[in-house]
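Below you'll find the structure, written out as C-alpha cells, and then a few comments.
The values are calculated or read from the model by the stated rules, or taken from the named source; none is laboratory data. Given the structure is predicted, the values throughout are model-derived calculations rather than measurements. All Cβ positions, glycine included, derive from the backbone under ideal geometry; neighbour counts span all protein chains shown.
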Amino acid sequence: MEEWTIEINRSATKKEKPNTDQLEFGRVFTDHMFIMDYSVPLGWHDARIIPYQPFSIDPSAMTFHYGQSVFEGLKAYYTPEGNIQLFRPEKNMQRLNRSNDRLCIPPIDEAFVLQAIKQLVYLDKDWIPTAEGTSLYIRPFIISTEPFIGVAPSHQYRLIVILSPVGAYYKEGINPVKIAVENQYVRTVKGGTGEAKTGGNYAASLKAQELCSQKGFTQVLWLDGVEKKYIEEVGSMNVFFKINGKVYTPALNGSILEGVTRNSVIQLLQHWNVPVIEERISMEVLYQAYLDGSLEEAFGTGTAAVISPIGQLSWEDKDLYINDGKTGKISRDLYNTLTRIQYGKEKDPFGWIDIVNEANAVKQ
Ligand SMILES: *Cc1c(COP(=O)(O)O)cnc(C)c1O
C-alpha cells in the first residue's frame, strides 16, 4: 500500500437513525462518506472522509452524457459478539479494477481503497444495524467528472463510498420467486459491458424488469444476446440449477457478471463434495430436465439476497414449477451457511472474513 493519508472532517451533528424494522434498501445514508479525486497530473489524490452531503458537479461532466462510471456493492455485518465483519472485500476491489479497465477508468490502489472503506465503516459503526438479517450496505462508485462533452475517456474522476443501513432481505424466511424468461430484450452481449459493474447494464435492464413486474413476476431470466437460447443471469443475480444431483451454473462467457456470491457458492458446494459444473446451459435443455423430472432446484445468487430460490419459471407459453414452488435443500443449506459465516455465527474455513476493528479507527 502506498503511503497515502486520509484527511478526516468529522460531522458536527449526527443524523437520526432509522428504526431497524422500517429499514428499506438504499434510502438512508450514514453520517460520513469517503471521496478521492483523479486528475492527469496528480493521479488519485485528496483522499478524505467528510460529512455525507451533496456535492456540485459541472453539467458538462462526462458521466452525465456517456455513462462512463462503475460501482461495487458489499456489506458490513455485526457478529453476536459485536465484531464488525466484511465478506471477501478484496474480491470487490479486484472487480472494481476489472470494471475500471473495461470502462477506460484509471485503476485504483485496491489495498488503499479497502483500507479507506474500513476506516469509513469503523467511523460510522453505530449505523450498522444489529437485528437479525440486517447489515450496512457499502456502495463504492466512480464517476467521470471532466467538463467536456466530447466522446473520449475522461481525464478526471471521482471515487465515492457511501454507506446505507439495510433491513433483512427475507422478513418471513427465504421465499421462492416467480421469474419470466425474457425473449425480447437483452441485458448485454458478449463483447459488451456485461462483465463490468457499470450503470449502463442496469439502464438497459429496466424496460424488461418493468414489463415483467406488470405481469406479476419478480424478475426476468436473461438469455444470451446473440441467439437468445442460453441462460445468463436472473435479474441482477447469477443463476444456478440443480439437475440430477449436480449443480450447474452458466460458464463466464464475457457477458455474465462474475459475482462474489457465485464464486463462494461454487467453493462451498465443492467443499461439500457436490459436483458443480460451469457450462453453457440452454433453455431447451433446462426444459427437458424439467419434463423428465431431473430439475430439482433453481436459485439466484448475489450480495443483497444471498440466495433467492426460483419457484416458477415462465418460458414462452410454458410454466415450470420447480420443487413444487418450495425452497429446496441445497438453496437453504447454502443460504444458512453463507449467512452464518457472514454474521460470524459459524467458523469460516475459507478465509473469507475480514474484520474491521480499532486498527481501522481514525487516529486524530
Ligand atoms: C453485482 C451483480 C451480481 C452479483 O454479484 P455479487 O458479487 O454476488 O453481489 C450478479 N449479476 C449482476 C449483473 C450484478 O451487477
Discussion item. Condition (residue is within 12 Å of the ligand (Cβ to nearest atom) and either of a type in the set (Phe, Trp, Tyr) or on the phi < 0 side of the Ramachandran plot (or both)) applied to the range 221-229: is it met by at least one residue?
Written reply: yes
Item to complete: Considering each of ARG88, ARG139 in turn, give the residue that is buried (at least 18 other Cβ atoms within 10 Å of the Cβ), charged (D, E, K, R) and within 17 Å of the chain's Cα centre (by Cα).
Response: ARG88
Discussion item. If LYS197 meets every condition in (1) buried (at least 18 other Cβ atoms within 10 Å of the Cβ); (2) over 15 Å from the mean Cα position of the chain (by Cα); (3) within 15 Å of the ligand (Cβ to nearest atom) apart from one, which number is that one?
Written reply: (2)
Worksheet, complete the sentence: Considering the range 241-287, residues that are assigned to a strand (DSSP E or B) and out of contact with any Asp or Glu (no Cβ under 8 Å at 6 or more places or on another chain), and then whichever is farthest from the ligand (Cβ to nearest atom), we arrive at LYS246
Practice prompt. Residues being crowded, with 18+ Cβ neighbours inside 10 Å and of a type in the set (Gly, Ala, Ser): count how many of those fall in the range 275-303.
Written response: 4
Worksheet item: If a residue has to be of a type outside the set (Ser, Thr, Tyr) and outside any helix (DSSP H, G or I) to count, how many in the range 323-353 make the cut?
Response: 12
Discussion item. Six or more apart or on different chains, Cβ atoms under 8 Å: show the pairs whose first residue is in the range 71-99 and in contact (Cβ under 8 Å) with a residue 40 or more places away in the chain and within 14 Å of the ligand (Cβ to nearest atom) and whose second is in a strand (DSSP E or B) and among the acidic types (Asp, Glu).
Written reply: LEU86/ASP354; PHE87/ASP354; ARG88/ASP354; PRO89/ASP354; GLU90/ASP354
Worksheet entry | Options GLY67, GLY43, GLY26, GLY73; residue that is in contact with a Gly (Cβ under 6 Å, 6 or more places away or on another chain) and within 21 Å of ILE143 (Cα to Cα) | GLY67
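From the residues in the range 25-64 that are modelled with pLDDT of 95 or more, in a loop (DSSP other than H, G, I, E, B) and among the charged types (D, E, K, R), which one is surrounded by the most Cβ atoms within 10 Å (Cβ to Cβ)?
ASP31
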Practice prompt. Looking only at the range 144-159, decide whether some residue is assigned by TED's automatic domain parsing to the domain that holds ALA116, more than 16 Å from the ligand (Cβ to nearest atom), part of a strand (DSSP E or B) and polar (S, T, N, Q).
Written response: yes
Worksheet item: Which of the residues that make up the range 226-265 are buried (at least 20 other Cβ atoms within 10 Å of the Cβ) and within 22 Å of GLY351 (Cβ to Cβ)?
Response: ASN238, GLY259, VAL260, THR261, ARG262, SER264, VAL265
Item to complete: Mind listing whichever residues of the range 278-307 are touching a helix residue (DSSP H, G or I) at 6+ places or on another chain (Cβ under 7 Å) and either of a type in the set (Val, Ile, Thr) or assigned by TED's automatic domain parsing to the domain that holds LYS75 (or both)?
Response: THR301, THR303, VAL306, ILE307
